[in-house]
Protein chains: 4
Amino acid sequence: MKHPPVYYGDYLALDTILNSQKLKSKEYGEEAHDETLFIIIHQAYELWFKQIIHELNSVYALFNTKRVKPTDLGVVNHRLNRITQIQKILVDQLSIIETMTPLDFMDFRDYLVPASGFQSIQFRIVELRLGLRQEYRLGIDKKFFNSRLKKSDQVFLEKMEEEPTFLELVDAWLSRMPFGKTEDFDFWTEYEASVSKMLDSDQEIIESNETLHPKEKEMELKMLEATRENFNCLFDAKKYAKLKEQGLVRLSREAKLAAIFIQLYKNEPIFQAPGLLLDSLLDIDEQFSTWRYRHAIMVHRILGTKIGTGGSSGHEYLKRSTENNRVFLDFFNLATFLIPKPYIPTLPEKIKAELGFIHED
Amino acid sequence: MKHPPVYYGDYLALDTILNSQKLKSKEYGEEAHDETLFIIIHQAYELWFKQIIHELNSVYALFNTKRVKPTDLGVVNHRLNRITQIQKILVDQLSIIETMTPLDFMDFRDYLVPASGFQSIQFRIVELRLGLRQEYRLGIDKKFFNSRLKKSDQVFLEKMEEEPTFLELVDAWLSRMPFGKTEDFDFWTEYEASVSKMLDSDQEIIESNETLHPKEKEMELKMLEATRENFNCLFDAKKYAKLKEQGLVRLSREAKLAAIFIQLYKNEPIFQAPGLLLDSLLDIDEQFSTWRYRHAIMVHRILGTKIGTGGSSGHEYLKRSTENNRVFLDFFNLATFLIPKPYIPTLPEKIKAELGFIHED
Amino acid sequence: MKHPPVYYGDYLALDTILNSQKLKSKEYGEEAHDETLFIIIHQAYELWFKQIIHELNSVYALFNTKRVKPTDLGVVNHRLNRITQIQKILVDQLSIIETMTPLDFMDFRDYLVPASGFQSIQFRIVELRLGLRQEYRLGIDKKFFNSRLKKSDQVFLEKMEEEPTFLELVDAWLSRMPFGKTEDFDFWTEYEASVSKMLDSDQEIIESNETLHPKEKEMELKMLEATRENFNCLFDAKKYAKLKEQGLVRLSREAKLAAIFIQLYKNEPIFQAPGLLLDSLLDIDEQFSTWRYRHAIMVHRILGTKIGTGGSSGHEYLKRSTENNRVFLDFFNLATFLIPKPYIPTLPEKIKAELGFIHED
Amino acid sequence: MKHPPVYYGDYLALDTILNSQKLKSKEYGEEAHDETLFIIIHQAYELWFKQIIHELNSVYALFNTKRVKPTDLGVVNHRLNRITQIQKILVDQLSIIETMTPLDFMDFRDYLVPASGFQSIQFRIVELRLGLRQEYRLGIDKKFFNSRLKKSDQVFLEKMEEEPTFLELVDAWLSRMPFGKTEDFDFWTEYEASVSKMLDSDQEIIESNETLHPKEKEMELKMLEATRENFNCLFDAKKYAKLKEQGLVRLSREAKLAAIFIQLYKNEPIFQAPGLLLDSLLDIDEQFSTWRYRHAIMVHRILGTKIGTGGSSGHEYLKRSTENNRVFLDFFNLATFLIPKPYIPTLPEKIKAELGFIHED
């Protein structure tokens, strides 16, 4: 042993950590039994937020480059998966705080005014680092963003707004992805043709279906037309640009096409890691929105329809933000643009060969 | 052993159960690997729905009476808790189906048209038995309710609409609860006075707070007024009746008052079991709405923004129904009407004595 | 607002909490990415241990009396249930640390010598408070107990050994339970008769079963004899005393009988809360032993068959302690002494009446 | 729509599935409320076992070849991960059956004699397919294996014993892995030298540590010697063969070396998928042993120390089999043979280049 011996409690700074629960109820009146839980669970959340930021920053750094190394992708997937494991605990921890009854909360609630979970800087950092820019937030949320934070915290976050988000780095990485084109093969031309063929066949089936009521037939054809238009917005760069302007999509068209390509050929060696990465983005988004939803219910359960300690409008607001604050929605919507396997174009040998390993065993 | 010997597989009818996965993909084309999962997970759901209905019916029967026996309350709480344990599995099982990719689903999806999860009669029975009458459903949902089911299933459900729901039985049980009144003490008069005192004190604090900007002060006073009105709707039978007419509350005023009373004195022996029962209703509601929310996300993940096999408008609809279809919302809102312990009226000895056991150890 | 305004981060001491991760790898060499996780997860565990101790102490205080109040039982059950909710998180959190690979752990492992999880004083407090006295520990465990702790920590724990454990308080509470006897009815005499009748009937069935091979018959009769002897040890105070001397049971005979009585009549109003309490003891024991088991596997996964940083013999030891350190084993074994409902003696009206509420609605 | 319309309930064979709960209690006496739960949870388990077998067989088929295709590895990892997701539900479902009390079980338990969970053929198939050959089972377990099954089931399983297990296919796949050798570089020679250097350095540190008591020093040196011998058994083919003969390892030496190599360089493109596969084997083993452990506790809780319906010696046996029946233990023990990164040999460029993709972006 070349280093001084280490003692468990010292290494973990337990003296400090375990003495950082200062009850307001004790300071101003009678100790409220449940305030200890209230403090400890929030501290546990903040510890995990720190860990998520630690992982996120490391992954961010590996992507903040003109070329993401294939070996790094293994590391990135490992760490994104760790984030998801932590998120599951964040969700499940809500069951602990739900053992606090409304009456027990009222024993100390008034002492906490106007503190609010909105003031968790680390949670804000996670959201923003992932991709939730201030401009995407709900109006009321933006207002809190500006007014309820310490000046230094505000400045910190505003500065961070100037940096690219992880979503934007992923977008850039996807956009750089090559493949799909040789002199005599253009994947997206083929794909568009396949989509047309598929939709034409669907249309024919509907039109020739004599068991359908005319009104139903009309409706089904209308839906088919909508699907067709949907695909057109993907294939036509100008239409896509318009959607982006309107804020209906956030991902660039190049990135979206690359992501679809990866999904279609995800078992090719070179796409296995990127495929897992896309799955991780879905997992992270799903876990955060599950957390938001359950958090809103928990607040509803403990506060009813009262206003939160920070003056926030409570569970109604929380429920609305659950859907609004999703970061990787574009990746969920990818499924819309996938087509059944028999319709997927076969890649020319030349391209297929490029997707494999050097070594052939 | 007085009975013929039992063999595991025979007892569980495994020959039947394990041969009930008939793949449409195999019938009409190439076997789709994931169709087995698709069938099995739905069958697992349906088995659990059967179990929930079994528990729910037994609990329902114990409440479908003019007088719920105190010994039965123990049984009821035990079984409601079992329902919640099952619901947790229903939620977590979604992680299994989420391992099915959009492309793998497309291998057999078209064969299933127009079948849809809406056609799960057992799920409908659970919803309706609990309290989700057809009139409370979203418009589109009602339409499916009427058109997508087999005639016999429709008839069955419509007949069930004629019976009281569990929510209504709970309402009746709560409404019968006595207590709170002696010749010289009326609990609700006292409670109303306490609420007034509390709100008056809050108002004074706001008005005398010189650090508040006049606009903020105005807003806070407005919110206080809203809270006061909220309480008035509880205390004033006519106002409450109006809310009920408008569909803003479903619970009767008597039941609501009893539920509040139980929450305020939930550690009194006679209220411990009813208190746990109210908690169970919250748990059941929370688990179902979590299931609905995560189910909507899962659908989004696998289908994107496509239309479901049954023609349903997919994840958007599912998300809307998540909040709409909550059955025990009134019990969540109870928290709104609780007040801090120092304000809660002390019960006269005469009433308090009545809440205990015969035996004193 | 009568108190100075509260800011989220200050209230939670985040400045302190989030700056208490001092990496040894950074101090002595290159920062190891996963050391942050290693520290944070241990800190999260310690925060939750503090919370468990907070709940446990409050419950302990309510039981450290000659008469546990019926209203307090509601509080106790609520808090024991909260402990179980926390324990579930303790178990599930292991999935997070399992994302650390053996190689990543080796990046900083040597710096931590000879620190060890054995040195978690809070975990020791939880174990001891519940009922795991030093004398019950495995030999190797006792040795660590004495040698690897700071002097002050040792002294603290040794002093705590002088206080009764929660198990002992529960034993005393159960032992005080009356019931079961009137002038002309003695429950345990009746119960013993019922058991005899049941076993005699079983014996007759075996003896008259002509399909059994003589050797099988002999074995079944032997097992029946063992069961009979088992019951005798319960009914015969002297035999029971001997088991206790030998350390085969820890609960007093009076407590055990009372616990059986409660289980038999658990839906009687006066037994509903005690019944839930007994269930909670099973839950707590089960959660801790699940944690120990999964913890042993996690250690195996990350360390293989290496020795732990504190010199402990690693996962093999951990697995052995999983079963040894169970505190409420006597309550698991209760099931052995229950008999089918038709055999359970009917209580005389006089006793039955005593188990109810004063109020009859 | 080219196919006849599908109805949800027909597709899922709900008429059959939901009418396959035949209660013995109802047949022979009074309906026992909890027998429905008992049947349904076992049926749910069996449905999931069928799904696990479906995935396992597909993975098995892809490995039952002289050359596993790189694209297939993506599929295999996906499906092994699905198995783990299902296993988590198998574990969590135990919480549902734990809501059945010992008394409630006794309402129908006697009717089930001598059926037993040991008779679950599907569970046997999963165990055996993975790698748990009959010879590895505990004695008592083998006996049940032979005597408690229907003749046809016995024959089926005995025939399956003749096929290779998945563990053996994985062994063969790993054993075929090339790499590690060029004309002028032999990885395992280098690795052995690194291990020596590391252990020599450790030895020096211990010997020169003047703070150690002579007895402690002696013990530490003894442990070091044990570690050295441990590594020797890996490096020396003869010694390894002996361990294998004694049944202390099951994996071939070639496979073990390849698995270590993969772990050391798991971020190299060609090893990312194999690395994930090895992780999955750990996950599967961990989930099954967690299930076995929790299952044993559940049995203890409901039966106490009674004998199971099939005459099995109950929870004691179950606990012993928890550790004995682990299939992928060799992969857990891999961690023993990993060394800190600074000691890991640097691969020559020539080898490193072979581990990447054809395409360089």
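The values are calculated or read from the model by the stated rules, or taken from the named source; none is laboratory data. Values in this document were obtained by computation on a predicted structure and should not be read as measured data. FYI the Cβ positions are ideal-geometry reconstructions off the backbone, even for glycines, and counts take in every protein chain you see.
Regarding the stretch B:176-187, can at least one residue be identified that is within 30 Å of B:Pro274 (Cα to Cα), more than 11 Å from every other protein chain (Cβ to nearest Cβ) and among the β-branched types (Val, Ile, Thr)?
Residues of the stretch B:176-187 that are within 30 Å of B:Pro274 (Cα to Cα), as a first pass: B:176-187.
Keeping just the survivors that are more than 11 Å from every other protein chain (Cβ to nearest Cβ) gives B:180-187.
Filter once more, so that each one left must be among the β-branched types (Val, Ile, Thr): B:182.
Yes.
Consider A:Gly275 carefully, then state whether it is under 24 Å from A:Pro114 (Cβ atoms), surrounded by 19 or more Cβ atoms within 10 Å (Cβ to Cβ) and at the interface with chain B (Cβ under 10 Å from one of its Cβ atoms).
No: the conditions fail for A:Gly275.
Under 7 Å between Cβ atoms, which residue pairs at least 6 apart in sequence (or on different chains) link something in the stretch D:220-249 that is more than 22 Å from D:Phe261 (Cβ to Cβ) with a partner that is of a type in the set (Val, Ile, Thr)?
Short answer, once both residue conditions are applied: D:Glu220/D:Ile206; D:Leu221/D:Ile206; D:Met223/C:Ile307; D:Leu224/D:Ile206.
Please find, among B:Glu135, B:Glu192, B:Glu127, the residue that is in a helix (DSSP H, G or I), more than 23 Å from B:Arg253 (Cα to Cα), away from chain D (no Cβ under 11 Å) and of a type in the set (Asp, Glu).
It is B:Glu127.
When you scan the stretch B:107-116, do you find a residue that is touching a Gly at 6+ places or on another chain (Cβ under 7 Å) and not hydroxyl-bearing (Ser, Thr, Tyr), even just one?
Applying the first criterion (touching a Gly at 6+ places or on another chain (Cβ under 7 Å)) to the stretch B:107-116 yields B:114-116.
Narrowing the set further to residues that are not hydroxyl-bearing (Ser, Thr, Tyr) leaves B:114-115.
So far as the stretch B:107-116 goes, yes, one or more of its residues are touching a Gly at 6+ places or on another chain (Cβ under 7 Å) and not hydroxyl-bearing (Ser, Thr, Tyr).
Yes or no, residue by residue, for (1) farther than 30 Å from D:Leu264 by Cα; (2) among the charged types (D, E, K, R):
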position	(1), (2)
D:Arg137	yes, yes
D:Arg148	yes, yes
D:Ser152	yes, no
D:Phe156	yes, no
D:Met160	yes, no
D:Leu169	no, no
D:Leu174	no, no
D:Asp186	no, yes
D:Glu192	no, yes
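What are the residues in the stretch D:268-300 that are among the hydrophobic types (A, V, I, L, M, F, W, C) and more than 19 Å from D:Phe328 (Cα to Cα), if any?
D:Ile270, D:Phe271, D:Ala296, D:Ile297, D:Met298, D:Val299
Restricting to the stretch B:265-298, give me the number of residues that are touching a helix residue (DSSP H, G or I) at 6+ places or on another chain (Cβ under 7 Å) and in contact (Cβ under 8 Å) with a residue 60 or more places away in the chain.
Of the residues in the stretch B:265-298, 19 are touching a helix residue (DSSP H, G or I) at 6+ places or on another chain (Cβ under 7 Å) and in contact (Cβ under 8 Å) with a residue 60 or more places away in the chain.
Give the residues of the stretch A:45-79 that are crowded, with 21+ Cβ neighbours inside 10 Å, among the hydrophobic types (A, V, I, L, M, F, W, C) and under 30 Å from D:Pro269 (Cα atoms), sorted by residue number.
Passing the criteria: A:Ile52, A:Val59, A:Val68, A:Leu73, A:Val76.
In the set A:Thr290, A:Thr336, which member is buried (at least 19 other Cβ atoms within 10 Å of the Cβ) and of a type in the set (Ser, Thr, Tyr)?
The unique qualifying residue is A:Thr290.
Residues of the stretch B:315-349 being among the basic types (Lys, Arg) and in contact (Cβ under 8 Å) with a residue 24 or more places away in the chain, which ones?
B:Lys319, B:Arg320, B:Arg326
Report whether or not B:Phe156 is part of a helix (DSSP H, G or I), within 20 Å of B:Arg320 (Cα to Cα) and under 26 Å from the mean Cα position of the chain (by Cα).
Considered against the rule, which asks whether it is part of a helix (DSSP H, G or I), within 20 Å of B:Arg320 (Cα to Cα) and under 26 Å from the mean Cα position of the chain (by Cα), B:Phe156 comes out as no.
Only one of (1) in contact with a Lys or Arg (Cβ under 7 Å, 6 or more places away or on another chain); (2) within 7 Å of another protein chain (Cβ to nearest Cβ); (3) closer than 29 Å to B:Ile262 by Cβ is not met by A:Ser58, so which one is it?
(3)
Out of the residues in the stretch B:200-219 that are assigned to a helix (DSSP H, G or I) and either modelled with pLDDT of 95 or more or of a type in the set (Asp, Glu) (or both), state the one that is farthest from the chain's Cα centre (by Cα). I'd like the intermediate steps shown before the answer.
First pass over the stretch B:200-219, keeping only residues assigned to a helix (DSSP H, G or I): B:200-207, B:214-219.
Retained after the next criterion (residues that are either modelled with pLDDT of 95 or more or of a type in the set (Asp, Glu) (or both)): B:200, B:202, B:204, B:207, B:216, B:218.
On the way: B:Asp200: 35, B:Asp202: 34, B:Glu204: 39, B:Glu207: 41, B:Glu216: 37, B:Glu218: 38 Å.
Filtering first and then ranking leaves B:Glu207.
From A:Ile40, A:Ile53, grab the single residue that is modelled with pLDDT of 95 or more, under 30 Å from B:Val91 (Cβ atoms) and more than 9 Å from every other protein chain (Cβ to nearest Cβ).
A:Ile53
Is there a residue being modelled with pLDDT under 95, of a type in the set (Val, Ile, Thr) and over 20 Å from C:Gly304 (Cα atoms) anywhere in the stretch D:317-339?
For the stretch D:317-339, residues modelled with pLDDT under 95, of a type in the set (Val, Ile, Thr) and over 20 Å from C:Gly304 (Cα atoms): absent.
Checking the structure you have, find out if any residue of the stretch A:330-345 is in a loop (DSSP other than H, G, I, E, B), away from chain B (no Cβ under 12 Å) and under 30 Å from A:Glu183 (Cα atoms). Lay out the reasoning, then the answer.
Quick first cut of the stretch A:330-345, residues in a loop (DSSP other than H, G, I, E, B) only: A:338-340, A:344-345.
So of that shortlist, the ones also away from chain B (no Cβ under 12 Å) come out as A:345.
Remaining after also requiring under 30 Å from A:Glu183 (Cα atoms): A:345.
Yes: the stretch A:330-345 contains one or more residues that are in a loop (DSSP other than H, G, I, E, B), away from chain B (no Cβ under 12 Å) and under 30 Å from A:Glu183 (Cα atoms).
Being over 22 Å from D:Leu282 (Cβ atoms) and acidic (Asp, Glu) is the filter here; which residues of the stretch D:125-141 pass it?
Of everything in the stretch D:125-141, those that are over 22 Å from D:Leu282 (Cβ atoms) and acidic (Asp, Glu) turn out to be D:Glu135, D:Asp141.
Residues in the stretch C:300-318: is at least one under 30 Å from C:Gln93 (Cβ atoms), within 9 Å of chain D (Cβ to nearest Cβ) and under 22 Å from the mean Cα position of the chain (by Cα)?
Yes.
Look at the stretch C:293-314 and say how many of its residues are modelled with pLDDT under 75 and under 24 Å from D:Arg294 (Cβ atoms).
Going through the stretch C:293-314 one residue at a time, the tally reaches 1.
Can you pull out the residues in the stretch A:110-120 that are over 15 Å from A:His295 (Cα atoms) and either at the interface with chain C (Cβ under 7 Å from one of its Cβ atoms) or outside any helix (DSSP H, G or I) (or both)?
In the first step, residues of the stretch A:110-120 are kept if they are over 15 Å from A:His295 (Cα atoms); the result is A:110-115, A:119.
Passing the criteria: A:Tyr111, A:Leu112, A:Val113, A:Pro114, A:Ala115, A:Gln119.
Scan the stretch B:77-95 and give yes if some residue there is more than 8 Å from every other protein chain (Cβ to nearest Cβ) and free of Cβ contacts under 8 Å to residues at least 60 places away in the same chain, otherwise no.
yes
Does D:Val113 satisfy the criteria of being under 30 Å from C:Ala259 (Cβ atoms) and aliphatic (A, V, I, L, M)? Write out each step before concluding.
Values: under 30 Å from C:Ala259 (Cβ atoms): yes; aliphatic (A, V, I, L, M): yes.
So D:Val113 passes the test.
A quick yes/no check of all residues on (1) under 28 Å from C:Arg67 (Cβ atoms); (2) loosely packed, with under 13 Cβ neighbours inside 10 Å:
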position	(1), (2)
C:Leu174	yes, no
C:Gln203	no, no
C:Glu220	no, no
C:Asp236	no, no
C:Glu245	no, yes
C:Leu251	yes, no
C:Lys256	yes, no
C:Phe261	yes, no
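Can you name the residue in the stretch A:96-109 that is assigned to a helix (DSSP H, G or I) and of a type in the set (A, V, I, L, M) and, of all such residues, is farthest from the other protein chains (Cβ to nearest Cβ)?
Step by step, filter the stretch A:96-109, then rank; the result is A:Ile97.
Looking only at the stretch A:209-267, count how many residues are among the aromatic types (Phe, Trp, Tyr) and either touching a Cys at 6+ places or on another chain (Cβ under 9 Å) or away from every other protein chain (no Cβ under 13 Å) (or both). Give the steps one after another, and end with the answer.
The first filter runs over the stretch A:209-267 and keeps only residues among the aromatic types (Phe, Trp, Tyr), leaving A:231, A:235, A:240, A:261, A:265.
From what's left, either touching a Cys at 6+ places or on another chain (Cβ under 9 Å) or away from every other protein chain (no Cβ under 13 Å) (or both): A:235, A:240.
Total satisfying the criteria: 2.
Every residue in the stretch C:15-37 that is under 18 Å from A:Ile86 (Cβ atoms) and within 7 Å of chain A (Cβ to nearest Cβ), please.
Our first condition is that a residue be under 18 Å from A:Ile86 (Cβ atoms); within the stretch C:15-37, this holds for C:17-18, C:21, C:33-37.
Residues satisfying the conditions are C:Ile17, C:Leu18, C:His33, C:Thr36, C:Leu37.
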